[in-house]
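The values are calculated or read from the model by the stated rules, or taken from the named source; none is laboratory data. Note that the structure is a prediction, hence the values are computed from the model and not measured. When we count neighbours, we look across all protein chains shown, and the Cβ atoms used for this are built from the backbone with ideal geometry, even at glycine. Protein only, heavy atoms only, side chains kept; ligands, DNA and RNA dropped before computing areas. Shrake-Rupley method; radii C 1.70, N 1.55, O 1.52, S 1.80 Å.
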Amino acid sequence: MNKTVEPAKCLRGEITDLPADKSIAHRAALFATLARGESVIRNFSEAADPQSTLQCLRDLGVPVETDGNTIVIRAKGRKTFSPIKSEIDCGNSGTTMRLLSGMVAGAGLPVTLTGDASLSSRPMKRITEPLGLMGAEIETAEGNRAPILFRPHKGLHAIDYPLPMPSAQVKSCVLLAGLFADGETRVTEKLPSRDHTERMLGLEMDFNADGTRVLKSSREFEVRPQHLTVPNDISAAAFWMVAASVIPGSEIVLRGVGVNPSRSAVISILQRMGADIRVTLPPNMQASQAVGEPVADITIKSAQLRPVSLLETEIPNAIDEIPVLAVAMGFARGKSEVRNASELRAKECDRIAAVAEMLRKAGIKVVEYKDGFEVIGGGAGPCEPAEHASFHDHRIAMASSILALKGSGPSVITGADCTAISYPHFYRDLSLLAD
Ligand code: S3P
């Protein structure tokens, strides 16, 4: 599908039903299968990626009931799985493939995890290596890519694993495998990545003398059933935060957004750029802390932005928001910088190359580096209208659409249907907010 996006005069209104947080939805469903008893997950996302997780679980023999956006999973602890298919399709979802790999390896299931063309081109050595060290029997396609074939094994043993890159998916994969292993698995992360796994499971942690965190899991750890309402996704909210900031005369409210501190750097980065963003935690903090995941309303008014340089510690925290932050940088007068971010090249597409192409097409200067980019923003805009490719990447399609709102004429986003991966009603919300 090609989508024509007209320039917007301003953005006004409120969104109460942003898509539910993808990272939390995946985890809630996956972790439910490791508990004994009934889990009830409300506000589960309708987006394609979390739905891939549900389909994988069904194909692994897990009874999953749905009633609208509510999911009910009744599980029997670590022995819940009884695969009804040998090929389990993770679709476009890296989180599904990498987290499920930890569980499939742990349970010793003889299945193959497959994915679409984009997922089959993404690096998997980062999970197959530690799982192999734990005793898993794994075969991958050439170049350590999916499909990933798992064979039964004699049982996993714990490892002490320093993460080679900041990645919540790798951290979670190893800790989930650790839930099936003999001994205590320890994962050390130098730069903190999103902490939903440890929060939602209630895992124990230690701190090294240098302040780095060590997360722990073991076969003895009891996984409790999940009872939660999934907060709305800050990664989806980020598109509107940037749009309302850069389009003069805008004022919008985004309700019920998850503001977990390991995910909300996008807010502090935009505020550092001069954005007018107010975060209001509900008066009843108890209610806002369902499963320890804080939720807030976010109000954004337009403001003239300043350039910014992202800190190394902010990169894992804001990794999925960097494409749309690059759009914000395009309308700040002067040089903004994103470095130490080579992980962007290993996402649904090479997001460094895609961001550079997107901005250049709109007439904004960019310098590309191996590990990031510089944007030389020209101030308030407008930018040039263009035909933008989505690269089959939902976040690139949506970032290009936000950029197009600032065009001096209509732009076209080709392959825009990939927005359904994380935000099926993105274009509905765009027409609701844009004037
Ligand atoms: C995710 C972690 C991040 C992020 C992805 C979701 C998660 O990936 O980019 O969209 O839910 O754990 P990495 O762990 O590879 O950085």
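Looking at the structure I just gave you, is residue 101 part of a loop (DSSP other than H, G, I, E, B) and of a type outside the set (Asp, Glu)? Explain how you work it out, then say what you get.
Values: part of a loop (DSSP other than H, G, I, E, B): no; of a type outside the set (Asp, Glu): yes.
No; evaluated as a whole, the condition is false for this residue.
Please list, ordered by first then second residue, the pairs with beta carbon atoms under 6 Å, 6 or more apart or interchain, first in segment 329-357 and in contact (Cβ under 8 Å) with a residue 60 or more places away in the chain, second within 14 Å of the ligand (Cβ to nearest atom) and acidic (Asp, Glu).
Listed pairs, sorted by first residue: 348/393; 349/393.
So, in segment 135-178, of the ones that are within 21 Å of residue 60 (Cα to Cα) and in a helix (DSSP H, G or I), which residue ends up nearest to the chain's Cα centre (by Cα)?
169
Can you tell me which residue is surrounded by the fewest Cβ atoms within 10 Å (Cβ to Cβ) among those in segment 208-229 that are within 16 Å of the ligand (Cβ to nearest atom) and either of a type outside the set (A, V, I, L, M) or at pLDDT 95 or above (or both)?
213
Would you list the strands (runs of 3 or more DSSP E) that sit entirely within segment 328-435 and hold 1 or more residues that are of a type in the set (S, T, N, Q) and closer than 22 Å to residue 318 by Cβ?
Details: elements: 334-338, 365-369, 372-377, 387-389, 411-414.
Result: 334-338.
Just give me the residues in segment 73-107 being in contact (Cβ under 8 Å) with a residue 60 or more places away in the chain, hydrophobic (A, V, I, L, M, F, W, C) and within 16 Å of the ligand (Cβ to nearest atom), in sequence order.
Within segment 73-107, 99, 100, 103 qualify.
I need a count of the residues in segment 137-168 that are open to solvent by 30 Å² or more (accessible area, probe 1.4 Å) and within 14 Å of the ligand (Cβ to nearest atom).
3
One residue is enough: does segment 68-78 have a residue meeting the conditions more than 27 Å from residue 416 (Cβ to Cβ) and not in a strand (DSSP E or B)?
Of segment 68-78, the ones more than 27 Å from residue 416 (Cβ to Cβ) are 70-78.
With not in a strand (DSSP E or B) added as a condition, the list becomes 77-78.
Checked against the condition, which is being more than 27 Å from residue 416 (Cβ to Cβ) and not in a strand (DSSP E or B), segment 68-78 yields at least one hit.
Which of the residues belonging to segment 397-408 are under 15 Å from residue 326 (Cα atoms) and in contact with a strand residue (DSSP E or B) (Cβ under 8 Å, 6 or more places away or on another chain)?
Our first condition is that a residue be under 15 Å from residue 326 (Cα atoms); within segment 397-408, this holds for 397-406.
Residues satisfying the conditions are 397, 400, 401, 403, 404, 405, 406.
Can you go through 274, 330, 334, 372 and tell me which one is closer than 17 Å to residue 403 by Cβ and not assigned by TED's automatic domain parsing to the domain that holds residue 116? Break it down stepwise before answering.
Numbers: 274 fails: closer than 17 Å to residue 403 by Cβ; 334 fails: closer than 17 Å to residue 403 by Cβ; 372 fails: closer than 17 Å to residue 403 by Cβ.
Exactly one residue qualifies, and that residue is 330.
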